[in-house]
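Only one structure is covered here, and it is reproduced in the block below.
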Amino acid sequence: MSDVLLEAEDLAKHYPVTEGLIRAKRVGTVRAVDGVSFTVRRGETLALVGESGCGKSTTARLALRLIEPSAGRVRFDGVDITTLDRAALKAFRRRAQIVFQDPYASLNPRYTVAQTLSEPLEVHGIGDAASRRARVEELLGLVGLAPFHAARYGHEFSGGQRQRIGIARALAAGPDLVVCDEPVSALDVSIQAQVVNLLRDLQQRLGLAYLFIAHDLAVVKHVADRIAVMYLGRIVEVQEKAALFANPRHPYTRALLAAIPHPDPSRRGRIVPLGGDLPSPLNPPSGCRFRTRCPFAQARCAAEEPALVDGVACHFADALPPAGLDFSGGLAPNAQRRLALYAKAGAG
Ligand code: ADP
């Protein structure tokens with residue numbers, strides 16, 4: 001049995017932009033996700049991070065085929081899910097679930113918690129009425145709620161409790177993979193850690209794999225095994241968590257790390273965080289998409305898109321100054337020399 005559970009290969013999602021009364025004229029394309037490949041191993045957490053609008057949510061939905069890809073493949077347990085028929089897709093949904101960001105919007109207000117949690121069991125034909133009741137009670141216990149909560153409605157709960165219900169619903173049919181789409185972003189900071197700890201605890205008890213979407217690295221520091229950093233529809237770096245934090249290789253990863261406030265105030269503000277806006281996915285820059293905000297950009301970066309090699313998509317990843325140093329004023333003289341040499345040799 002391969003240890004890879006989910007494999008995305010060159011996934012893309014392009015949305016046409018249309019104009020006119022009946023929207024018949026195509027005036028452009030939003031490249032929401034534009035050639036993304038990654039794997040999630042059994043029982044691990046792969047985090048997808050990046051600024052709002054870089055394509056994380058779209059990637060999450062593609063991974064579960066909640067939306068259809070414009071190109072590329074997704075394999076789950078070795079099976080291509082992009083070509084499954086309805087029956088096979090339903091069987092896949094039993095094994096791969098999603099927890100949404102907004103626990104207020106994702107619960108049906110007319111359902112009791114018992115109804116919310118037994119619905120997936122009914123949909124998949126799991127058990128009878130008595131065993132479903134028992135399963136609902138078990139699920140409530142798993143997520144730290146009490147049996148008497150089963151009879152209540154969603155609006156009777158706090159945000160953190162609602163997210164626990166959302167997690168219980170995702171777990172109802174016994175999935176192997178849970179896609180967590182910003183599962184704590186809508187919660188109070190004081191509640192976030194509780195929900196993150198619950199997710200970690202459940203992972204260990206149930207052997208779950210997570211594809212964990214978050215816009216900042218501070219949240220994923222506590223959950224991820226590996227981290228993939230997205231920028232404008234592409235993955236620019238993917239590393240084991242410890243390696244990524246100790247030695248971020250892509251300039252964009254460094255900027256994201258620099259944006260996390262340092263716990264020691266005297267060490268804050270040494271690195272100037274990333275300026276400028278995310279360019280539009282309607283019209284991404286040529287070559288490396290990050291070049292318009294990159295302090296290290298060279299001519300080659302506009303001409304040639306860097307491939308993801310050894311976990312990093314940057315022509316000059318090996319020539320950058322050591323991470324953690326103040327490079328806000330530009331390149332260290334040594335790195336400048338090395339970059340000049342690279343440019344002359346035409347090698348990356
Ligand atoms: P993230 O989750 O990183 O915030 P999204 O995946 O939600 O990013 O969106 C990526 C880009 O695709 C954004 O520019 C967004 O506006 C665009 N987008 C997402 N969904 C649609 C859609 N249904 N139609 C058109 N554009 C979309």
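Numerical summary
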{"quantity": "Residue-normalised accessible area of the range 1-92, expressed per residue, 1.4 Å probe, Å²", "calculated": "49 Å²"}
{"quantity": "Helical mean residue ellipticity (222 nm; -39500 (n - 2.57) per DSSP H run of 4+; nearest 500) of the chain", "calculated": "-9500 deg cm²/dmol"}
{"quantity": "Contour excess over end-to-end distance, with Cα ends at H124 and T83 and 0.36 nm allotted per residue", "calculated": "12.7 nm"}
{"quantity": "3J(HN,Hα) from dihedral phi, the range 310-318, Karplus parametrisation 6.51/-1.76/1.60, rounded to Hz, x for glycine, proline", "calculated": "6, x, 9, 10, 8, 4, 10, 3, 7"}
{"quantity": "S190 accessible area, assembled protein chains, probe 1.4 Å, Å²", "calculated": "90 Å²"}
{"quantity": "Simple spin-label estimate for I191 and A134 in nanometres, 7 Å along Cα-Cβ", "calculated": "3.3 nm"}
{"quantity": "Listed residue (V219, L206, Y153) projecting farthest to the positive dipole end of the chain, Cβ model", "calculated": "V219"}
{"quantity": "P(r), alpha carbons of the range 1-61 - 5 Å bins starting at zero, rounded %", "calculated": "4, 15, 20, 18, 14, 11, 7, 5, 3, 2, 0"}
{"quantity": "Compactness of the chain - radius of gyration and Dmax, Cα, Å", "calculated": "22.1, 74"}
{"quantity": "Highest-MSF residue in the chain out of R86, R293, R31 [GNM, Cα springs under 10 Å]", "calculated": "R86"}
{"quantity": "Candidate lysines for bridging to K221, where Cα separation is under 29 Å - those fewer than 8 sequence places away on the same chain excluded", "calculated": "K13, K56, K241"}
{"quantity": "Cysteines without a disulfide-compatible partner [the chain; Cβ-Cβ under 4.7 Å]", "calculated": "C54, C180, C294, C314"}
{"quantity": "Mean Cβ neighbour count within 10 Å, used as a protection proxy, ranking 278-284, 79-85 highest first", "calculated": "278-284, 79-85"}
{"quantity": "For the chain, built as a Gaussian network whose Cα springs stay under 10 Å, the top-fluctuating residue of A258, A130, A224", "calculated": "A130"}
{"quantity": "Dipole axis of the chain (+1 Lys, Arg; -1 Asp, Glu on Cβ), positive-most option in A303, I126, A105", "calculated": "A303"}
{"quantity": "Percent RCO, i.e. relative contact order, over the chain, from Cα pairs under 8 Å lying at least 6 residues apart", "calculated": "18 percent"}
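The values are calculated or read from the model by the stated rules, or taken from the named source; none is laboratory data. Given the structure is predicted, the values throughout are model-derived calculations rather than measurements. Please note: Cβ atoms are built from the backbone with ideal geometry, for glycine as well, and neighbour counts cover all protein chains shown. Heads up: the accessible areas ignore ligands, DNA and RNA and are worked out on the full protein's heavy atoms, side chains in. Shrake-Rupley method; radii C 1.70, N 1.55, O 1.52, S 1.80 Å.
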